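Right, one structure below, let's go through it.
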Amino acid sequence: MGKKVVSIVMGSDSDLPVMNQAAEMLELFGVEYELDIVSAHRTPEKMYDFASNAHKRGIQVIIAGAGGAAHLPGMVAAITPLPVIGVPVKSSNSIDGWDSVLSILQMPGGVPVATVALNGAKNAGILAAQIVAANNQEVLQKIINYKEDLKNQVIAKSEKVKR
């Protein structure tokens with residue numbers, strides 16, 4: 001097993017079905033990752049330790065998912081020097097997911113969080129792989145192949161429905 005370069009964290013195990021989509025994409029591109037639960041509200045000390053030390057462990061990108069008040073991505077971004085991709089998760093206590101979207105999206109200047117769509121962990125995984133690919137030719141080629149495959153799927157579907 002290679003060195004983990006992406007960290008996927010979430011506020012609760014209830015976020016796992018969504019966040020697993022990011023893990024699946026990273027596996028597709030051959031990007032090593034770690035996965036953990038780090039709650040901004042229930043384990044703030046763990047969150048601080050994680051965010052302040054991730055870069056020292058060789059992590060290059062952090063994907064942080066959270067629902068409800070969704071403070072995890074922003075708090076991690078406030079502490080780490082690494083790029084953070086926020087995944088708003090529609091949770092049982094959320095307001096149709098909009099509270100999560102806005103909590104992650106509306107970051108103050110100087111503390112960016114790249115935010116994907118509600119439950120959009122698949123795109124978070126792709127984006128993290130693209131960031132890693134900036135300095136990894138093997139991952140870059142897999143992304144090029146993936147995008148070519150997407151194109152070919154659309155062309156095939158177009159031919160099938162064309163009249």
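Give the residue, chosen from Asp149, Asp49, that is part of a helix (DSSP H, G or I) and either touching a Ser or Thr at 6+ places or on another chain (Cβ under 7 Å) or surrounded by 11 or more Cβ atoms within 10 Å (Cβ to Cβ) (or both). It is Asp49. Residues that are more than 13 Å from the chain's Cα centre (by Cα) and either surrounded by fewer than 19 Cβ atoms within 10 Å (Cβ to Cβ) or at pLDDT below 95 (or both) within the range 28-39 comprise Leu28, Gly30, Glu32, Ile37, Ser39, listed in sequence order.
Of all residues in the range 124-142, which are crowded, with 18+ Cβ neighbours inside 10 Å and in a helix (DSSP H, G or I)? Passing the criteria: Ala124, Gly125, Ile126, Leu127, Ala128, Ala129, Ile131, Val132, Ala133, Val139. Contact annotation: residue pairs with Cβ atoms under 6 Å, 6 or more positions apart or on different chains, pairing a residue in the range 47-62 that is under 22 Å from Ile126 (Cα atoms) with a partner that is polar (S, T, N, Q) and outside any strand (DSSP E or B), are Ala51/Thr80; Ala54/Thr80. A single entry from Ile95, Ile63, Ile59 fulfils the requirement of being under 17 Å from the mean Cα position of the chain (by Cα), outside any helix (DSSP H, G or I) and surrounded by fewer than 22 Cβ atoms within 10 Å (Cβ to Cβ): Ile59.
The values are calculated or read from the model by the stated rules, or taken from the named source; none is laboratory data. Source: prediction; values computed, not measured. Heads up, the Cβs are rebuilt from the backbone with ideal geometry, glycines too, and the neighbour counts pull from every protein chain shown.
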